[in-house]
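Inspection log for the structure reproduced underneath, given as structure tokens.
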Amino acid sequence: MAEVQTVERFQQDYAARKQHLPGDAQVRERAMAQLLADGLPNRKTERWRYTRLNRVLKQEFAPAKPESSLNDPAVLALVDQVANSDSPVLVFDQGYYRPELSRLTGLGEVEFKPLGVALESGDVTLAEATGGRDRAFDQLNTALVADGAWLNLPAGKHGLITLLVLAGEGEAAAEQTQYWRLVISAQSQSESEIAIVYAGGDLSKAYHANNYIDIDLAPTAQLVVSQFQQQGEEAFHVAALRARLQRDSVLKTHVLALGAGISRDDLDIILDDKGAHAEIDVLQLTNNRQHADLHLNLEHAAPHCTSQVNHHGLFGGHGRGVFNGRVHVHPGADGTDSQMSSKNLLLSEAAEIDTKPELEIYADDVKCSHGATVGDLNRDELFYLRSRGLTEPQARALLLNAFAAASFSSLVGLWGEFVAEGVTEKMDQLSHE
Amino acid sequence: MLKVNDLKVEVEGKSILKGLTLNVGAGEVHAIMGPNGSGKSTLSHVLSGREGYEVVGGSITLDGEDLLALSPEERAWKGLFLGFQYPVAIPGLNSSVFMREAVNAVRRSRGESEYDAMDFLAIAREKMKLLEMDESFMTRAVNDGFSGGEKKRNEIYQMALLEPRLAILDEIDSGLDIDALRIVSEGINKLRSADRSFILVTHYQRLLDYVVPDYVHVLSRGVIVRSGGRELALELESSGYGWLENETAQA
């Protein structure tokens, strides 16, 4: 019954707002109809079996409104901290673009529009939501999202573009569902890097953040997309990333999940034509009663595509992690080369990880490997460091940092430092009991 | 300086070292040779304090102090260094960060001031030159993606930074081509001094053409069966280890 009520509530939200939502109304109608038909994930939904939403769905949150709630000087300081003064930073407050806090310097040839504007002008349309209970949050995002960003990346090498997706502050921003979407169109011969920070300034409040990233990579496009998630510990964070890779295109993506009470990332990546390459680095760092879930669906739909997936999980206190990495090699996708690893360290008795790499192969000539480990630090590594004069606690601290750093060591400059500092800070909080 | 007396060591209940005695004086270079399974690596590991080895008899002292009572890091602070046969790769751990922490840990233990990033950089550069190493080593993760030769060179580089009084090099020559062997050997030779001793553990005498030892010991079935000068290594080169079998059989 609770579920029916929850769906009805979302339906009411939609009914109340749909006249004001930008762009094609039909796609939203269909998404809402899909949600009504399929329902929300429940205990029997396979892809949600390790992440229970009863508590979260009981919270009667209304969709966020485009009213600013942020402490502007603090945000401007964050803007300076995360990116050099000559590179662009786009700021979003509860899902809505805030031009007065953003900096467009250095965008160069890159075309940017707030999503609401781009939907109205017809530059972009919302992708059709997929059916199924497990896709409920995508359907919701499609039905209700009002703003976000559209980035069109033309041929050429572009500098880093940073997006700060902030949950807002104070009571005004609490108890809300915040919808946000990023649509990226990477053109042939483009080379770009996009950094996304999700942050909840006032860490004690509850809110839902529903995010969706839609990426299309034209032939030979190269793109790095990093998501650094530092939501408050009362938050429920979902982020879908859908990417389609055309011929010889390259996507490198990082998901660094440090925050939220419950976080759920869904990566759906399709290697759709020859020579496409995807690299996926995931870091889950949870503590207290935090729960981080990531489901990856990697479709090798064409021959001679390559992929590499590295998951690192570090769990302290009662922290939990879920990693489900599915690689699906389609018939005819010969010459596929796919590697996946999931490495996990449990720092306390109560910490838990459910990890499951899955391979489904329907082609003959493929090279696929996967492996998962769960345990404590490697004894040989500890001894190596101690034999050089480090005490055991020093050696452990260095190795734990190294373990986590493997997920983001390719991120450089101010952005790399920002991420490293955030991770180190989180590592210091991890409870070993 | 180092005195190993009648050392008996078991691994998982199996006797590996069966009464080994060895004395290493200041500035001396000792080579320990022997066939596979003779206990060479066990000796290296026990000296450096690796877990999993049970000392059931005998003693090891360094300058009169009981080495077996010390943790691996305390041994490093006393000036003991182990060059690993198989150095571990640690993705994500920057080589310079690691070595600066290590050098400072050793310096702290001696009551010396710690190096800041700039001091360390200058010293690291100097040592890298000694080993003909590329500066990119400093920004790479520890042994991650290193070739066999690079790993061994990295061990000698670490030794150069830590400036030990006693270096145990466990099959430092294994997996090296002739150029890498030359560079590693020259590195060791440059670090030889009147107050620094070496134990070279090796299967082959090839290394000893480059790093000429003062003493050569032959280890077989957990005991030193012969000791001599450099000529003993050459003799082994021509006769192999086969004679050991006969000698032990006769004994």
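Determine if the range B:57-74 includes at least one residue that is within 30 Å of residue B:147 (Cβ to Cβ) and within 10 Å of chain A (Cβ to nearest Cβ).
Start the filter on the range B:57-74 by keeping residues that are within 30 Å of residue B:147 (Cβ to Cβ), which leaves B:72-73.
From what's left, within 10 Å of chain A (Cβ to nearest Cβ): B:72-73.
There is at least one residue in the range B:57-74 that is within 30 Å of residue B:147 (Cβ to Cβ) and within 10 Å of chain A (Cβ to nearest Cβ).
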Restricting to the range A:270-285, give me the number of residues that are over 15 Å from residue A:407 (Cα atoms) and either buried (at least 24 other Cβ atoms within 10 Å of the Cβ) or at pLDDT below 95 (or both). 2
Would you check if residue A:13 is touching a residue at least 40 places away in the same chain (Cβ under 8 Å), acidic (Asp, Glu) and more than 22 Å from residue A:264 (Cβ to Cβ)? no
Assess whether residue B:96 counts as being under 22 Å from residue B:138 (Cβ atoms), in contact (Cβ under 8 Å) with a residue 40 or more places away in the chain and more than 8 Å from chain A (Cβ to nearest Cβ). yes
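Would you be able to say whether some residue in the range B:164-171 is touching a residue at least 40 places away in the same chain (Cβ under 8 Å), more than 14 Å from chain A (Cβ to nearest Cβ) and within 21 Å of residue B:30 (Cα to Cα)?
Yes, the range B:164-171 contains at least one residue that is touching a residue at least 40 places away in the same chain (Cβ under 8 Å), more than 14 Å from chain A (Cβ to nearest Cβ) and within 21 Å of residue B:30 (Cα to Cα).
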Selection status of residue B:130, of a type in the set (A, V, I, L, M, F, W, C) and either more than 8 Å from chain A (Cβ to nearest Cβ) or over 22 Å from residue B:50 (Cα atoms) (or both): yes
Take residue A:360 and tell me if it is in a helix (DSSP H, G or I), at pLDDT 90 or above and within 26 Å of the chain's Cα centre (by Cα). no
Residue A:334 is checked against (1) under 29 Å from the mean Cα position of the chain (by Cα); (2) away from every other protein chain (no Cβ under 14 Å) and fails just one. What number does that condition carry? (1)
Report yes if some residue within the range A:365-381 is closer than 30 Å to residue B:110 by Cβ and free of Cβ contacts under 8 Å to residues at least 12 places away in the same chain; otherwise report no. yes
For the subset of the range A:390-402 comprising residues that are facing chain B (nearest Cβ under 7 Å) and buried (at least 23 other Cβ atoms within 10 Å of the Cβ), which member is nearest to residue B:74 (Cα to Cα)? A:390
Just checking, how many residues over the range A:62-77 are farther than 14 Å from residue A:167 by Cα and surrounded by 15 or more Cβ atoms within 10 Å (Cβ to Cβ)? 1
Considering only residues that are over 27 Å from residue A:392 (Cβ atoms) and among the hydroxyl-bearing types (Ser, Thr, Tyr), which ones fall in the range A:361-380? A:362, A:369
Residues of the range A:401-418 satisfying the condition of being within 17 Å of residue A:376 (Cα to Cα), of a type in the set (A, V, I, L, M, F, W, C) and assigned to a helix (DSSP H, G or I): A:402, A:403, A:404, A:405
Which condition breaks for residue B:38 when tested against (1) within 14 Å of chain A (Cβ to nearest Cβ); (2) farther than 25 Å from residue B:183 by Cβ; (3) in contact with a Ser or Thr (Cβ under 8 Å, 6 or more places away or on another chain); (4) in contact (Cβ under 8 Å) with a residue 60 or more places away in the chain? (1)
In the range A:318-349, which residues are out of contact with any strand residue (DSSP E or B) (no Cβ under 8 Å at 6 or more places or on another chain) and touching a residue at least 60 places away in the same chain (Cβ under 8 Å)? A:349
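Could you say which residue among B:174, B:239, B:197, B:185 is over 16 Å from the mean Cα position of the chain (by Cα) and of a type in the set (S, T, N, Q)?
Values: B:174 fails: over 16 Å from the mean Cα position of the chain (by Cα); B:197 fails: over 16 Å from the mean Cα position of the chain (by Cα); B:185 fails: over 16 Å from the mean Cα position of the chain (by Cα).
After ruling out the rest, the residue left standing is B:239.
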What is the number of the single condition among (1) surrounded by fewer than 22 Cβ atoms within 10 Å (Cβ to Cβ); (2) in contact with a strand residue (DSSP E or B) (Cβ under 7 Å, 6 or more places away or on another chain); (3) among the hydrophobic types (A, V, I, L, M, F, W, C) that residue A:117 does not meet? (2)
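Quick check: anything in the range B:77-89 more than 13 Å from chain A (Cβ to nearest Cβ) and out of contact with any helix residue (DSSP H, G or I) (no Cβ under 7 Å at 6 or more places or on another chain)?
Step one: list which residues in the range B:77-89 are more than 13 Å from chain A (Cβ to nearest Cβ), which gives none.
Checked the range B:77-89: no residue is more than 13 Å from chain A (Cβ to nearest Cβ) and out of contact with any helix residue (DSSP H, G or I) (no Cβ under 7 Å at 6 or more places or on another chain).
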Do we find a residue being away from chain B (no Cβ under 11 Å), surrounded by 22 or more Cβ atoms within 10 Å (Cβ to Cβ) and within 22 Å of residue A:259 (Cα to Cα) anywhere in the range A:412-422? yes
Buried (at least 18 other Cβ atoms within 10 Å of the Cβ) and over 23 Å from residue B:98 (Cβ atoms), is that true of residue A:366? yes
Within the range B:195-226, residues over 14 Å from residue B:167 (Cβ atoms), assigned to a strand (DSSP E or B) and in contact (Cβ under 8 Å) with a residue 40 or more places away in the chain come out as B:215, B:216, B:217, B:218, B:219, B:220, B:223, B:224
Scanning the range A:408-432 for residues that are aliphatic (A, V, I, L, M) and closer than 16 Å to residue A:316 by Cα, the one farthest from the chain's Cα centre (by Cα) turns out to be A:430
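Hey, among the residues in the range A:375-389 that are assigned to a loop (DSSP other than H, G, I, E, B) and modelled with pLDDT under 95, which one's farthest from the other protein chains (Cβ to nearest Cβ)? Steps first, please.
Going through the range A:375-389, the residues assigned to a loop (DSSP other than H, G, I, E, B) turn out to be A:376-378, A:387-389.
Among the residues that remain, those that are also modelled with pLDDT under 95 are: A:376-378.
Numbers: A:376: 14, A:377: 10, A:378: 8 Å.
Within the range A:375-389, the match that is farthest from the other protein chains (Cβ to nearest Cβ) is A:376.
Quick one: which residue in A:405, A:372 is touching a Pro at 6+ places or on another chain (Cβ under 9 Å), under 27 Å from residue A:350 (Cβ atoms), more than 8 Å from chain B (Cβ to nearest Cβ) and among the small types (Gly, Ala, Ser)?
Working: A:405 fails: more than 8 Å from chain B (Cβ to nearest Cβ).
Just a single option satisfies the conditions, and that option is A:372.
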Residue set A:369, A:348, A:307, A:338; condition modelled with pLDDT under 95, assigned to a strand (DSSP E or B), among the polar types (S, T, N, Q) and over 21 Å from residue B:93 (Cα atoms); output residue A:369
Collect the residues in the range B:161-184 that are buried (at least 22 other Cβ atoms within 10 Å of the Cβ) and among the small types (Gly, Ala, Ser), keeping them in residue-number order. B:167
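The values are calculated or read from the model by the stated rules, or taken from the named source; none is laboratory data. Please read these numbers as outputs of a predicted model, since none were measured by experiment. Heads up, the Cβs are rebuilt from the backbone with ideal geometry, glycines too, and the neighbour counts pull from every protein chain shown.
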